[in-house]
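J.: Dropping a structure here in structure tokens format, bear with me for questions.
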Amino acid sequence: MGDDQDRATALPLNRRSLGGLGLGWLLSPAAAQGAGLGSLARTHGVVFGTAIQARYLEQDAAYRDAVATEASLLVPEWEAKWAALQPEEGRFDTAPLDAILAWARSQRIPVRGHALVWHNAMPDWLPAALAEGRQRALGVLAAHLDVALHHARGQIRDWDVVNEPIANPPGSDVPDPGPGPLRDTPWLRALGPSYVETALRMARERDPTLRLTLNEYGVEEDTPDAAEKRRRLLALLRDLVGRGVPLDAVGIQAHLQLARPFRPEPFAAFLKQIRSLGLTVLVTELDIRETHAAPQDLARRDALVAERAEAFLACAVQGGARTVLSWGLTDRYSWLATEPAVALPNGRVHRGLPLDADYHRKPMWNGMARAFARG
Ligand code: XIL
């Protein structure tokens, strides 16, 4: 047996090696169809990745194959949130995150972290602890960051340090009461507006090599509430950067809705303003919700989703977003189906991810591929 063959058989089952050996029939539909979005994006200087969950990796070989085929970057959908990492105070459970990190290592796919400070996915004990006052809040934040950043050091190079800090203006799906601009959360109540800065500084102190990201949603579309949320976010970013607070990147979640119009110009201008502050722009959680009155015809539905995906991504990529992640890969395991607040009525499932429930590529996949090529 020659060296080459030894190497080929020793490689983990992955996209390139199997494709090259003509063994595509062994794989699920996505893998059998050739180069994935990650490889295509890379030829245009863009990194494409997706959010994954450890339980699906564990139980579904077709899912593993699809992720390995399509993604060049991974982010845990749940496993690095507080409720997962520190279910009880002082008791850390890194097993689900470790499962993702180990698989990612075996596939040589990098992982980004999500999320260190957020008002959701809090374990029950956390809001109560934060309500006990400033010193207590600083203590639990420091302890959590100590463990999370130490544990993933070297493997996660990029964290969403603060997630969704901006209050939703009137007209949003879920408007926040009060004048804003920061969302009223247990973190804000415990530490005041400086909690954003505190979290960023703590992260930088613990690992100066990390890319520190502030992640936000509801800033993409051409509606008055999105315009106001863009203003609020830009004001926060200007303040942080102006005062030298450590911050490297802004994650634009991109949970898009067909019920809301998208126009490239205001979004492109917004990206330009972010980048003029010296910050990197990422698209972190792309998916698309259809309207409740979505047409019955699947091809028509898919065409509308694909059109929006392409228009948005082309603008984002041309506007300098060189990293793009979707929030899931397949309609089979989409939070757009399982989360009551975002699901379609009557059991219909949003077609808002690149692969369908059987791992077949949808027109959205093609729209995304075209957008990367246009970038
Ligand atoms: C979502 C997950 O996808 C769901 O499975 C979970 O139940 C709730 O959280 N913005 C974020 C993500 O930053 O963490 C959210 O993920 C989706 C919205």
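The values are calculated or read from the model by the stated rules, or taken from the named source; none is laboratory data. Treat the numbers as computed from the prediction; the structure is a model and nothing was measured. Counting neighbours? That spans all protein chains shown, and the Cβs are built from the backbone with ideal geometry, glycine included.
J.: Could you please find all residues in segment 352-368 being within 17 Å of A68 (Cβ to Cβ), part of a loop (DSSP other than H, G, I, E, B) and in contact with a strand residue (DSSP E or B) (Cβ under 7 Å, 6 or more places away or on another chain)?
T.: L353, P354, Y359
J.: Go through (1) within 16 Å of the ligand (Cβ to nearest atom); (2) in contact with a strand residue (DSSP E or B) (Cβ under 9 Å, 6 or more places away or on another chain); (3) among the hydroxyl-bearing types (S, T, Y) one by one and return the number of the condition S172 breaks.
T.: Unmet condition: (2).
J.: Of everything in segment 237-251, what is surrounded by 23 or more Cβ atoms within 10 Å (Cβ to Cβ) and either touching a helix residue (DSSP H, G or I) at 6+ places or on another chain (Cβ under 7 Å) or assigned to a loop (DSSP other than H, G, I, E, B) (or both)? Give them in sequence order.
T.: Hits for segment 237-251 are L247, V250.
J.: If you scan segment 54-73, which residues turn out to be within 14 Å of the ligand (Cβ to nearest atom) and buried (at least 20 other Cβ atoms within 10 Å of the Cβ)?
T.: Answer for segment 54-73, where residues must be within 14 Å of the ligand (Cβ to nearest atom) and buried (at least 20 other Cβ atoms within 10 Å of the Cβ): just A54.
J.: Mind listing just one residue for me: the one in segment 83-92 that is without any contact (Cβ under 8 Å) to a residue 60 or more places away in the chain and in a helix (DSSP H, G or I) and, of those, surrounded by the most Cβ atoms within 10 Å (Cβ to Cβ)?
T.: A84
J.: Restricting the first residue to segment 234-251 and requiring it to be in contact (Cβ under 8 Å) with a residue 12 or more places away in the chain and under 22 Å from H114 (Cβ atoms), which pairs with a second residue that is among the hydroxyl-bearing types (S, T, Y) and surrounded by fewer than 19 Cβ atoms within 10 Å (Cβ to Cβ) meet a Cβ separation below 7 Å and a spacing of at least six or different chains?
T.: D248/T280; A249/T280
J.: Next question, about the same structure. Answer yes if at least one residue in segment 352-367 is out of contact with any Cys (no Cβ under 9 Å at 6 or more places or on another chain), at pLDDT 95 or above and within 13 Å of the ligand (Cβ to nearest atom), and no otherwise. Don't jump to the end; show me each part of the working.
T.: First, the residues of segment 352-367 that are out of contact with any Cys (no Cβ under 9 Å at 6 or more places or on another chain): 352-367.
The next check asks that each one be at pLDDT 95 or above; those that pass are 352-367.
Going one step further and asking which of them are within 13 Å of the ligand (Cβ to nearest atom), we end up with 352-353.
Checking segment 352-367: at least one residue is out of contact with any Cys (no Cβ under 9 Å at 6 or more places or on another chain), at pLDDT 95 or above and within 13 Å of the ligand (Cβ to nearest atom).
J.: Moving on. Considering (1) assigned to a helix (DSSP H, G or I); (2) at positive phi; (3) crowded, with 23+ Cβ neighbours inside 10 Å, say which one N346 fails and leave the rest.
T.: Going through the list (1) assigned to a helix (DSSP H, G or I); (2) at positive phi; (3) crowded, with 23+ Cβ neighbours inside 10 Å, N346 breaks only (3).
J.: For residues that are surrounded by 23 or more Cβ atoms within 10 Å (Cβ to Cβ) and more than 12 Å from A373 (Cα to Cα), scanning just segment 39-50, find the one that is nearest to the ligand (Cβ to nearest atom).
T.: Step by step, filter segment 39-50, then rank; the result is T50.
J.: Considering only segment 93-123, state which residues are over 20 Å from the mean Cα position of the chain (by Cα) and within 16 Å of the ligand (Cβ to nearest atom).
T.: First pass over segment 93-123, keeping only residues over 20 Å from the mean Cα position of the chain (by Cα): 93, 95, 106, 123.
Correct list: P123 only.
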